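Here's the structure we're looking at; comments come further down.
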Amino acid sequence: MSSDYNPPSDPLDVIHSDHEILIVNKPAGLLSVPGKGPHLADCLIARVQEAFPQALLIHRLDRDTSGVMVFALTPHAQRHIGLQFEKRYTKKTYVARVWGKLEPKTGTVDLPLIVDWENRPLQKVCHETGKSAQTDWRVLRSDSVESRVRLMPKTGRSHQLRVHMLSLGHPILGDPFYATGEALNYPRLMLHSEELRLRHPDGGEGVRYRAKAPF
């Protein structure tokens, strides 16, 4: 990963900002936070802080995943929304293109996950030591080659959606870690965080923010 990091130069895509929070649409290929070493310093939080110096991190998306991310603009907002993520009050919806015809049309994957130590940063299913992880899926459309699905994670484990789709035999297209053969031959990971629902830290009103999938 260290040698082939060529982050996109897209300008910052701000979906919403107010006195407490900032919502941005993260491009695929950009780290959420800096990696180890100066060559991995360019990341979304650094770009956000150039425009909003007071911005604080709350959560992350994988480098290869695009879509909606929330940043706090006050310590109060960081605590308030961080707690919502911790208690699973936030609702996240992703769109993905996966290999093959996924059937049935809806379902839930309930498989515990843990880091695959010998193959880090890969994750794997492990019923002995894994942490509980659940993902609901709904097929939007499909053919013999691929399926477009909506994914609604109930937990927020590392690589959860990628490993859960793989466990069904339908890896996410373009996944550099888990896809193989023809499923790998795509210009990017076909996974996008489409919608985030949370309670606004000023007053607790339910709000939702969306960014259309670019694929």
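A count restricted to region 77-132 and to residues that are aliphatic (A, V, I, L, M) and assigned to a loop (DSSP other than H, G, I, E, B) stands at 3. Scanning region 43-56 for residues that are crowded, with 17+ Cβ neighbours inside 10 Å and of a type outside the set (A, V, I, L, M, F, W, C) yields a single hit, Arg47. Considering only region 81-116, how many residues are free of Cβ contacts under 8 Å to residues at least 12 places away in the same chain and of a type in the set (A, V, I, L, M, F, W, C)? The number of residues fulfilling the criteria is 1. Based on what the data block shows, is Leu198 at pLDDT 95 or above, in a strand (DSSP E or B) and more than 16 Å from Val95 (Cα to Cα)? In short, yes.
A quick yes/no check of all residues on (1) touching a helix residue (DSSP H, G or I) at 6+ places or on another chain (Cβ under 9 Å); (2) among the β-branched types (Val, Ile, Thr):
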{"site": "Leu30", "(1), (2)": "yes, no"}
{"site": "Gly37", "(1), (2)": "no, no"}
{"site": "Val48", "(1), (2)": "no, yes"}
{"site": "Phe52", "(1), (2)": "no, no"}
{"site": "Leu57", "(1), (2)": "yes, no"}
{"site": "Ala77", "(1), (2)": "no, no"}
{"site": "Lys91", "(1), (2)": "no, no"}
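Of everything in region 148-181, what is within 11 Å of the chain's Cα centre (by Cα), within 11 Å of Asp64 (Cβ to Cβ) and surrounded by 23 or more Cβ atoms within 10 Å (Cβ to Cβ)? Give them in sequence order. Selection gives Arg162 alone. If a residue must be in a loop (DSSP other than H, G, I, E, B), touching a residue at least 60 places away in the same chain (Cβ under 8 Å) and over 13 Å from Leu61 (Cα atoms), how many such residues does region 19-38 contain? Number of matching residues: 2.
The values are calculated or read from the model by the stated rules, or taken from the named source; none is laboratory data. Computed from a predicted structure; not experimentally measured. All Cβ positions, even for glycine, are placed from backbone atoms using ideal geometry, and neighbour counts span all protein chains on display.
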